[in-house]
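What follows is a short report on a single structure.
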Amino acid sequence: LTLTPTRTRVLAQDDGIAASLFPHALQKHNPCRPFSTSSRTDDTASTTSPKYSIAIARHVPKTFPDAISKFATLSSDDGIDLKNSMRQHEKYLDGLRKFVPTLCLPSIDDLPDSLFVEDTVVAIGNRAVITNPGHPSRRGEVDSIRQFLSEQLGMNVTDMRDYSHGQAYCDGGDVLYTSRHLFVGLSERTNIEAVKVLQDALEIDAIPVRFEGNALHLKSVVTHVDSTTLLAPDGSLGDDILSTMEAKERGYSDIVRLPNMLACNVVSVNGGILAQDVGCHKSKAILEDVALERGLDIEFVTCSEVAKADGALTCLSVLLNI
């Protein structure tokens, strides 16, 4: 993917974003551009969440019905519906844009899972780590993201593939950044070698979280609402992961448990929550109360087609505070 500044502006306008909202994103990379050298955090760090300036998404590829899936059991009658996927994705983008300017990159039709842009990069501030996805079929997704972040957005980019003899593997869906901690799920897609790369490149203590169960990624199970509030499902899987994270000990004073695991995956951004309407009335009511108690706006969208490929809301975008 090669995007000139002009092409970037066209994409932004097509997607309803004024280029003036992020003019710095059109600049070429400046190696002298300042960024914090003291971003390493600990349990006493500020609880203020970052103000995100832009979100990056990617359009649904025509081959999305061929996306890999481990936990979703599909029959010939309930496979992924491409047209419905595209409709739901547009609604997702509409919801996300209520909280943050969102740039949607062109689809990559020969890579069915490329819709899940979150898995290709982990970013904090001006630093970004291009991942080495755990499934071999997904490793072709990262080059265009690396080029876009470094050349179009001027970010300081580290490529995970250049470390540990190429044996560090990571899906961004396994990485939960709460503004105080960076939790890294150790799953079939992410290994311990990736934890060191993330820690060194992002200059933040990365906390490995081992888990087993009916979940593809860490954020399939746990996400955050704010810097002290986590969402997790009822049951043993939620219990085990929260215990491994030492969530209470690390200052997460509000741990909200939901009866539906898919509902636990929310996008928390700029004073708002983008949540999934999964048909569980109890989960929805709890989330509405959580938002009301904290003075947050909440928007519900449906992503049932994405769920058929083990996906969820956070999978569909990357939040940047550049």
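Is it the case, given these coordinates, that Glu151 is over 17 Å from the mean Cα position of the chain (by Cα), open to solvent by 10 Å² or more (accessible area, probe 1.4 Å) and over 25 Å from Val306 (Cα atoms)? For Glu151, the condition - over 17 Å from the mean Cα position of the chain (by Cα), open to solvent by 10 Å² or more (accessible area, probe 1.4 Å) and over 25 Å from Val306 (Cα atoms) - is met. If you check Asp205, Asp200 for being touching a helix residue (DSSP H, G or I) at 6+ places or on another chain (Cβ under 9 Å) and either closer than 14 Å to Ile130 by Cα or touching a residue at least 12 places away in the same chain (Cβ under 8 Å) (or both), only one passes: Asp205. Among the residues examined, Ala263 does not qualify as touching a Pro at 6+ places or on another chain (Cβ under 9 Å), in a loop (DSSP other than H, G, I, E, B) and surrounded by 19 or more Cβ atoms within 10 Å (Cβ to Cβ). Within the range 84-108, if we keep just the residues that are touching a Phe, Trp or Tyr at 6+ places or on another chain (Cβ under 9 Å) and open to solvent by 40 Å² or more (accessible area, probe 1.4 Å), the residue that is nearest to Val129 (Cα to Cα) turns out to be Ser107.
Residues that are open to solvent by less than 50 Å² (accessible area, probe 1.4 Å) and assigned to a loop (DSSP other than H, G, I, E, B) within the range 288-312 comprise Leu296, Cys303, Lys308, Ala309, Asp310, Gly311, Ala312, listed in sequence order. Count of the range 290-312 residues, restricted to those that are over 15 Å from Ile68 (Cβ atoms) and of a type in the set (D, E, K, R), is 4. Restricting attention to the range 266-287, the residues being surrounded by 21 or more Cβ atoms within 10 Å (Cβ to Cβ), in a strand (DSSP E or B) and among the small types (Gly, Ala, Ser) number 2.
The values are calculated or read from the model by the stated rules, or taken from the named source; none is laboratory data. Keep in mind the model is a prediction, meaning the values are calculated, not measured. For neighbour counting, all protein chains shown are included, and Cβ atoms are generated from backbone atoms with ideal geometry for every residue, glycine included. Just the protein is used for accessible areas: all its heavy atoms, side chains included, with ligands, DNA and RNA removed. Shrake-Rupley method; radii C 1.70, N 1.55, O 1.52, S 1.80 Å.
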